[in-house]
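Every number here is computed from the coordinates shown, using simple stated rules; none is lab data. Keep in mind that what you see is a predicted model, and the values were worked out from it rather than measured. Neighbour counts run over all protein chains shown; Cβ positions are idealised from the backbone, glycine included.
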Amino acid sequence: MKKIIIFLGAPGAGKGTAAGAVAPKLNARHVSTGAMLRDAVARKTPAGVEAEGYMKAGGLVPDAVLCKMIAELLAETASDTTLFFDGFPRTLAQAEALETLAKDNDAIVKCAVLIDAPQEILLERMGGRRVCPKCGAGYHVKNLPPKKEGICDACGAEDQPATIRHRLEVYETSTAPVIDFYRKADKVVAIDGSQDAAVVADAVFNACK
Ligand code: AMP
C-alpha cells in the first residue's frame with residue numbers, strides 16, 4: 001500500500017523546507033505540486049499552459065488540473081512508497097477528491113502535518129521571499145537577492161509583490177478548510193513552524209516515522 005503524508009501550512013511556514021529535509025531520511029518521495037506546475041509551465045505542456053495565468057496572479061490553479069496530475073502520479077507510484085505531499089490538497093474539493101483517488105490506487109492518507117507559524121513571522125519570511133513567477137527561480141531580499149533588484153537573474157522576468165499578499169489571502173480562504181477536513185478525521189499533527197528549521201525538521205521526522 002502507498003502511504004501519503006500531507007504537509008499543510010501557510011506560505012512561509014516552512015512546509016516545503018521541512019518536507020525536503022525529512023523525505024530522504026524516511027526514503028519518502030517529496031511531491032511539490034508547485035514545482036510540478038512550474039515545470040509544466042516551463043515545458044509548455046497543456047496543463048502548464050492552463051496553469052500559467054493563475055500562478056502568475058498568485059491564485060489557485062483549477063482543481064481538475066491538480067486532480068489529474070495527482071491521479072497520474074498515484075497510478076505510476078510503486079506500492080510501499082511513502083509520498084510527502086507538499087502543496088496538495090489546497091482546497092476542500094481537492095481533499096475530497098484525494099480520498100477517492102487514494103482508494104482507487106491502493107493508497108492511504110496517514111496523517112496531515114500542519115506547520116503553523118504566527119502571521120508576523122509568515123509576513124516577515126514571505127516579505128523577503130521571492131519566487132520568479134515565470135521560471136520558478138527562488139530569491140530572498142536579504143539572504144539571496146537577485147543581481148538587479150526586482151529582475152530574475154535566470155530569466156529576466158519582473159517581480160510582482162502584490163502576488164505575495166494575494167497568496168496569503170488565498171491560503172486563508174481556500175486552504176484553511178482543508179485543515180478542518182483532516183482535523184475531523186483526527187489526522188492532524190501540529191508543529192510550531194516558528195522554531196528553527198532543524199527543530200521543525202526533527203519534529204516532522206518524529207511525526208512521520
Ligand atoms: P507553491 O510552490 O506550493 O507555493 O505553489 C506555487 C503555485 O502553484 C501556487 O501559488 C498555485 O498557483 C499553484 N499550486 C500549487 N499547488 C496547487 C494546488 N494544490 N492547487 C491549486 N494551485 C496550486
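Over 23 Å between Cα atoms, which of Lys15/Lys56; Lys15/Lys110; Lys25/Lys147 qualify? Where the Cα-Cα span goes over 23 Å, the pairs concerned are Lys25/Lys147. Relative contact order for the chain: 33 percent, from Cα pairs under 8 Å spaced at least 6 residues apart, divided by residue count.
3J(HN,Hα) along the stretch 12-29: x, 6, x, 5, x, 5, 5, 4, x, 6, 8, 3, x, 5, 10, 6, 9, 9 Hz, from the Karplus curve 6.51 cos²θ - 1.76 cosθ + 1.60 with θ = phi - 60°, whole Hz, x for Gly and Pro. Pairs of Cα atoms in the stretch 32-145 fall into 10 Å distance bins, from 0 up to the last occupied one, in shares of 12, 37, 35, 15, 1 percent.
Using the Karplus relation 6.51 cos²θ - 1.76 cosθ + 1.60 with θ = phi - 60°, the per-residue 3J(HN,Hα) values for the stretch 105-117 come to 10, 6, 10, 9, 7, 6, 7, 10, 8, 9, 9, 10, 9 Hz, with x marking Gly and Pro. Taking a ≥ b ≥ c as the square roots of the eigenvalues of the Cα gyration tensor, the stretch 1-89 is oblate, since a/c reaches 1.5 or more and a/b is not larger than b/c. Extension gain, Glu120 to Asp196: 0.36 nm times the residue separation minus the Cα-Cα distance gives 25.8 nm.
The distance linking the stretch 47-101 with the stretch 182-209 is 22 Å (Cα centroid to Cα centroid, whole angstrom).
For the chain, take the longest principal axis of its alpha carbons; what is the angle in degrees between that and the long axis of helix 33-43, to the nearest 10 within 0 to 90? Once rounded, one gets 60 degrees. Counting only alpha carbon atoms, the long axis of helix 92-104 and the longest principal axis of the chain meet at about 40°. Against the chain, whose longest principal axis is taken from its Cα atoms, helix 197-208 shows a tilt of about 20°. For a straight C-alpha distance cut-off of 17 angstrom, the lysines reachable from Lys148 (same-chain residues fewer than eight places away being disregarded) are Lys134.
A Gaussian network model of the chain, with springs between Cα atoms under 10 Å, assigns the largest mean-square fluctuation among Leu92, Leu26, Leu74 to Leu26.
Rounded to the nearest 500, the 222 nm mean residue ellipticity of the chain from helices alone is -14000 deg cm²/dmol, with -39,500 (n - 2.57) taken per DSSP H run of at least 4 residues. Compactness of the chain is given as radius of gyration and Dmax, 16.7, 49 Å, from Cα positions.
For the chain, the Cβ-based charge dipole about the Cα centre amounts to some 380 debye (Lys, Arg positive; Asp, Glu negative; other atoms uncharged).
For the stretch 26-81, relative contact order (Cα pairs under 8 Å, six or more residues apart, normalised by length) works out to 24 percent.
By the Cβ distance rule of under 4.7 Å, the chain has these cysteines without a partner: Cys67, Cys111, Cys208.
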